Each structure stands twice: as C-alpha cells, then as structure tokens.
1. Tally Lys and Arg at +1 and Asp and Glu at -1 over the other residues with C-beta under 13 Å from the C-beta of A:Gly69: what net charge comes out?
2. Averaged per residue, what accessible area in Å² does chain A show with a 1.4 Å probe, protein chains only?
3. Taking the Cβ-Cβ separation of A:Asn224 and A:Gln2 as r and a Förster radius of 35 Å, what is the calculated FRET efficiency to the nearest 0.05?
4. With a cap of 15 neighbouring Cβ atoms within 10 Å, and only residues DSSP puts in a loop, list the trypsin sites (Lys or Arg not before Pro) found in segment B:11-100.
5. For segment A:175-219, state the semi-axes of the equivalent ellipsoid (square roots of 5 times the eigenvalues of the alpha-carbon gyration tensor), sorted largest first and rounded to whole angstrom.
6. Over 24 Å between Cα atoms, which of A:Lys154/A:Lys268; A:Lys246/A:Lys370; A:Lys53/A:Lys212; A:Lys65/A:Lys246 qualify?
7. So if I take the alpha carbon set of segment A:199-271, get Rg, then get Rh from the Kirkwood formula, what is the Rg over Rh ratio?
8. For segment A:330-394, divide the Cα radius of gyration by the Kirkwood radius and give the resulting Rg/Rh value with two decimals.
Amino acid sequence: MQRYSGFSLVKHALSHHENWQRHWRNPAPKKEYDVVIVGGGGHGLATAYYLAKEHGITNVAVIEKGWLGGGNTARNTTIVRSNYLWDEAAALYEHAMKLWEGLSQDLNYNVMFSQRGVLNLGHTLQDMRDIQRRVNANRLNGIDGEVVTPERIKEIEPALDVSARARYPILGASWQPRGGVARHDAVAWGFARGADALGVDLLQQTEVTGFKMLDGKVVGVHTNRGDIGAKTVGCVTAGNSGTLAKMAGFQLPLESHPLQALVSEPLKPILNTVTMSNHVHGYISQSDKGDLVIGAGIDGYLGYGQRGSFSIVEHTLQAIVEMFPVFSRVRMNRQWGGIVDTTPDACPIISRTPVRGLYFNCGWGTGGFKATPGSGNVFAWSLAHGQMHPIAAPFSIDRFRTGALIDEHGAAGVAH
Amino acid sequence: MFYIYCPYCAEYREEEEFHPKGQAHIARPLDPMATSDDAWGDYLFFRDNPRGVHHELWVHAVGCRKFFNVTRDTRTYAILETYRIGEQPSVTADSVSTGSAASTATLTGVQA
Ligand SMILES: Cc1cc2nc3c(=O)[nH]c(=O)nc-3n(C[C@H](O)[C@H](O)[C@H](O)COP(=O)(O)OP(=O)(O)OC[C@H]3O[C@@H](n4cnc5c(N)ncnc54)[C@H](O)[C@@H]3O)c2cc1C
Ligand SMILES: [Zn+2]
C-alpha cells in the first residue's frame with residue numbers, strides 16, 4: 001500500500017497527481033474463504049480490517065451487493081459520542097471512541113474526526129433529571145461529561161436560542177467535549193483500503209441470496225456470482241439483516257424503518273458543535289464544506305424503500321428553526337433516507353445465532369455510525385476466537401428471551 | 001406521504017392524522033403464567049418485518065381515534081387495503097405472489 005504523507009503529496013504533484021495507486025483491488029471471488037463478511041458498510045469493513053490486522057486472518061472476503069459504504073454508512077449525520085447510560089453500552093461506545101481518537105493515524109487515512117463536542121439539550125425538569133443521571137453514570141464509567149447551564153450553552157453555541165422566549169426554553173444540557181463528527185465516506189474508504197492492503201478481497205456488486213449449510217453449520221453463501229465457501233460467516237447488513245436471518249431460517253427482533261436526513265446550501269461557519277434535542281426532536285451540525293447537516297426521526301412504519309414521508313422532514317425543520325430561529329430562511333439542498341434496523345431496547349445485536357459458524361452484528365438502528373471502529377473491533381475478535389468478546393457478550397440475541405435488556409431509549413432517543 | 005382510507009370514517013385522510021402502531025394480528029398469550037420464556041419473548045419482541053406485504057395496525061389519532069388494519073407493501077409503500085379490527089386481510093403475501101384476485105380484492109377491501 002502506498003502510504004499517504006506530505007512528502008507523497010509533493011512527489012505526486014510532480015506527475016500531476018496522475019499516478020496515485022488505486023484505493024483497493026477489484027478481485028474475482030475465490031472458491032473459499034476462512035471468513036466471509038456480508039455487508040460492505042463501515043461495520044463490515046472495520047470487521048475485516050481488524051480480522052486481518054489484529055488476528056492475522058487475511059483469507060477474508062467482504063461481500064457487498066452495491067458499492068462500499070453505500071448503505072447507512074454514507075447516509076448518516078456522522079455524530080460520534082459515547083455518553084450512553086448503562087455500563088454495557090457505555091463500554092461499547094467508549095471502546096469505539098478510543099479507537100476513533102487514533103483512527104486517522106492507524107489507517108493512514110484522514111477520516112476527518114473532529115472532536116467539536118456534543119450538546120444534548122434539556123427542555124423540561126424531567127429532561128434535566130435524566131441528563132444529570134446520565135452524566136453521573138458516564139463519569140463513573142470514565143467518560144467525559146458535564147451538565148451545563150444556558151449561559152454556558154450560549155458561550156459554546158451562540159446561534160442557539162437559549163432565551164426564555166423560546167417555545168420550549170432550554171434549561172440546560174449535557175456536554176461531551178470528546179464527541180463530534182467524522183467524514184462517513186472516508187471511514188468506509190479508510191477501512192476498505194486498509195483491509196485490502198492486508199489481503200482482504202472486497203467483492204462489490206455481489207449479493208448474498210442464501211446460506212449453504214451442512215449439519216446445522218454454515219459452510220458458505222449463495223450469491224448472484226455463484227457460491228462462495230466459508231468456514232465462518234459474519235452478517236453486518238443493517239436494515240436488511242432481518243431478511244438475511246430469514247434466509248438462514250431464524251428470526252431477529254428487528255424492525256426496519258426509514259430514517260431521513262437533509263443538508264442545506266453551504267454557509268459560512270456558524271455552528272461550533274453538534275446540538276441535539278430529544279424534546280423538540282432534531283439535531284444539527286455543520287460540515288466542513290459549510291452545509292448544515294440535519295437529522296430527522298424515523299418514520300413509524302416499516303419500509304425498505306430508502307425514503308420516508310415528507311411530514312417528517314417538515315417537523316424536523318420546525319424543530320431546527322425552534323432551536324435556531326436564525327436558520328429560518330436557509331434553503332435545503334438535498335434530502336435522503338436510509339433503512340435502519342431498530343431493536344426493542346435501542347441497543348445492537350452482536351451475537352451467535354442458532355446456526356453454527358454464523359454470526360450477526362446488526363440492530364445498530366439510528367445510531368451505529370459512532371460505534372463503527374469499536375463494533376468492527378469486538379466483532380473481529382469474536383469471529384477469530386469463536387466466542388463473543390467480553391464487551392460484545394451482553395448484546396446477544398438471548399437477551400430478548402431472558403429479559404436482560406439494555407434499555408438505551410433515553411440516550412438513543414432522537415439522538416444519533 | 002400516505003393517503004389513507006379509514007374504514008370507520010369511510011373517507012381518505014392525510015397520513016398526518018394517523019399513527020402506525022406496528023404489526024397487526026398479534027394475540028396476547030391467554031395464560032401468561034403458563035407461557036414459556038421463549039413464547040413470551042416472541043410475543044413481546046419478535047416481529048415479522050417482511051420485505052413485501054405487511055399487515056399493520058394504525059390508529060386514526062386525530063380523527064375517530066379508532067384502531068384499524070392496513071395491508072401495505074414495505075418496498076413500494078403502496079397501501080393494498082384497509083380493514084376493521086376483527087376482520088381478516090383479503091390481500092396476503094401469498095395472494096399477491098400467486099396474483100389470485102389480489103387487484104379486485106384490493107378495491108373492495110379499500111372501499112368496504
Ligand atoms: C439518516 C440517518 C442518520 C443517521 N445518523 C447517525 C448519526 O448521526 N450517528 C450515528 O452514530 N449513527 C447514525 N445513523 C446510523 C448509522 O448510519 C448506522 O447505524 C451505521 O452506519 C450502520 O453501519 P453498517 O455498516 O452496519 O450498515 P450499512 O452501512 O447500511 O452497511 C450494510 C451493507 O450491507 C449491504 N447488504 C445488505 N444486504 C446484503 C446482501 N444480501 N448481500 C450483500 N450485501 C448486502 C448493504 O448494501 C450495505 O452496504 C444514521 C442513519 C441514518 C439512515
Ligand atoms: Zn377514522
């Protein structure tokens with residue numbers, strides 16, 4: 001792999017930047033792999049990267065029906081934070097946060113991780129009690145967090161209306177300074193390039209249409225480009241996971257909903273941080289390009305169409321203008337939807353399945369981008385060891401029968 | 001944006017008057033104490049989530065406030081029929097895949 005550096009930039013300038021190496025190969029599928037990862041989103045690519053890098057397992061394929069990162073990875077609003085309430089979830093997201101902090105160096109790829117901080121606003125007394133509880137829980141888990149007053153919020157984000165005039169006055173917020181945003185495409189590309197360099201085959205335009213089984217164990221996958229053998233299969237397919245589980249003969253407690261986002265025309269820098277509000281139901285940040293990046297809530301109905309209802313977009317913009325009256329005349333440029341796989345407790349499923357050798361990493365719903373490196377890291381460990389990583393273990397499918405749910409609806413909320 | 005026929009108001013109304021309430025026709029186990037953990041988990045948490053024909057519960061929240069059922073395709077989002085609580089769907093995944101009288105059933109289902 002050609003490494004990127006200031007020096008290589010100068011060197012390639014001499015040949016008009018025409019001789020850069022391709023990011024990854026486009027190999028023909030082999031007959032068999034040690035591990036097949038289904039789904040070339042951020043989580044799948046991170047899994048393949050860590051399998052090769054940390055466990056020396058390089059006979060690996062990532063099978064993607066479209067293009068790399070074209071699912072929710074490239075559709076999200078890129079918010080990264082780790083201020084989750086329960087110990088299990090906090091450990092998972094904080095594991096990811098620590099990896100984010102060194103990711104650009106590790107991948108030799110600028111993922112534009114920017115720790116500009118995340119505000120979660122409180123508008124009612126109950127909001128404030130929940131915020132206090134969550135911040136205290138975070139601090140006990142060694143995660144940075146503060147409860148801040150409206151005056152302090154005004155210093156952090158001057159464009160926000162913290163006055164008592166607001167329809168839902170802001171009473172305070174939780175503030176996680178280490179939170180922020182990252183460039184979502186770059187995350188997929190960085191992991192893909194890193195994995196490819198270590199020998200992983202990235203098979204795009206290849207759709208898994210079924211599983212090959214022998215005596216209750218998975219031995220490969222059927223695809224539109226023929227059968228591919230595998231000793232172990234990990235499915236990391238977000239909104240399509242329920243469909244894949246059905247192909248394998250079992251059910252997952254997932255529901256697939258459209259989730260929308262939109263961006264405005266580019267503006268001069270006006271937002272310093274990421275602001276989210278569960279109560280008025282909106283969240284916003286500004287990309288380095290200058291557009292306001294705005295996230296909506298999910299549509300309540302099931303859908304696989306990668307689009308949602310217009311009314312959701314309308315409500316979202318009402319919420320944004322409620323928080324930032326100054327944006328009332330900003331024009332919106334683009335709007336899109338992704339299909340998110342929600343679970344009953346708003347926590348992911350990282351688990352074995354009734355089929356031996358077949359693992360699922362899904363259920364990240366509306367908020368899995370922030371976990372991308374951590375999720376891939378613990379999933380790779382689990383596939384390599386044939387047993388679940390201690391951080392992943394509480395997220396087994398069994399919890400929906402034993403009742404050991406990890407209820408993160410408060411910390412997940414509208415929040416992403 | 002959906003335009004939904006409420007089988008109680010007998011009128012088409014805009015989506016915003018309604019709320020989706022999840023999968024339809026889920027019966028609560030009659031004797032919870034005698035229900036196994038597996039069956040109880042299924043009842044609480046496991047839903048069909050099909051890519052295709054889906055029967056779901058909606059409520060006419062700012063209209064008549066009654067619950068009713070909708071058969072909808074989760075890929076195209078097309079509403080195939082709406083019908084009252086206690087009734088069974090006339091359009092199902094099977095009837096659509098075999099094409100058996102689905103289109104006429106849709107019409108009568110919607111108008112009924
Ligand atoms: C609008 C929106 C905003 C969001 N905002 C945030 C946010 O601010 N912060 C945050 O943390 N999270 C956010 N999320 C959630 C986040 O995007 C996801 O949780 C995360 O990206 C999931 O990554 P993934 O790699 O698991 O899934 P994906 O990126 O969806 O990858 C799954 C891949 O599997 C492939 N696939 C599916 N079926 C098959 C098959 N049969 N064969 C082969 N390939 C298949 C798909 O094509 C897809 O590329 C948001 C999501 C959306 C939609
Ligand atoms: Zn009605």
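The values are calculated or read from the model by the stated rules, or taken from the named source; none is laboratory data. Computed from a predicted structure; not experimentally measured. As a convention, Cβ positions derive from the backbone with ideal geometry for all residues, glycine included, and neighbour counts pool all protein chains shown. Side chains included, ligands, DNA and RNA excluded: accessible areas come from the protein's heavy atoms. Shrake-Rupley method; radii C 1.70, N 1.55, O 1.52, S 1.80 Å.
1. Numbers: positive: A:Lys65, A:Arg75, A:Arg183, A:Arg193; negative: A:Glu64, A:Asp185.
That works out to +2.
2. Values: 16640 Å² over 416 residues.
Computed with neighbouring chains in place, this is 40 Å² per residue.
3. Working: r = 32 Å, r/R0 = 0.92.
E between A:Asn224 and A:Gln2, to the nearest 0.05, is 0.60.
4. When the trypsin sites (Lys or Arg not before Pro) of segment B:11-100 are filtered for loop state and at most 15 Cβ neighbours within 10 Å, B:Arg65, B:Lys66, B:Arg75 remain.
5. Values: eigenvalues 222, 60, 26 Å².
They are 33, 17, 11 Å, listed from largest to smallest.
6. Working: A:Lys154/A:Lys268 19 Å; A:Lys246/A:Lys370 28 Å; A:Lys53/A:Lys212 28 Å; A:Lys65/A:Lys246 18 Å.
Checking Cα-Cα distances, A:Lys246/A:Lys370; A:Lys53/A:Lys212 exceed 24 Å.
7. Details: Rg = 18.1 Å, Rh = 15.3 Å.
My calculation of the ratio gives 1.19.
8. Values: Rg = 15.0 Å, Rh = 13.4 Å.
Taking Rh as the inverse mean 1/r over Cα pairs, Rg/Rh reads 1.12.
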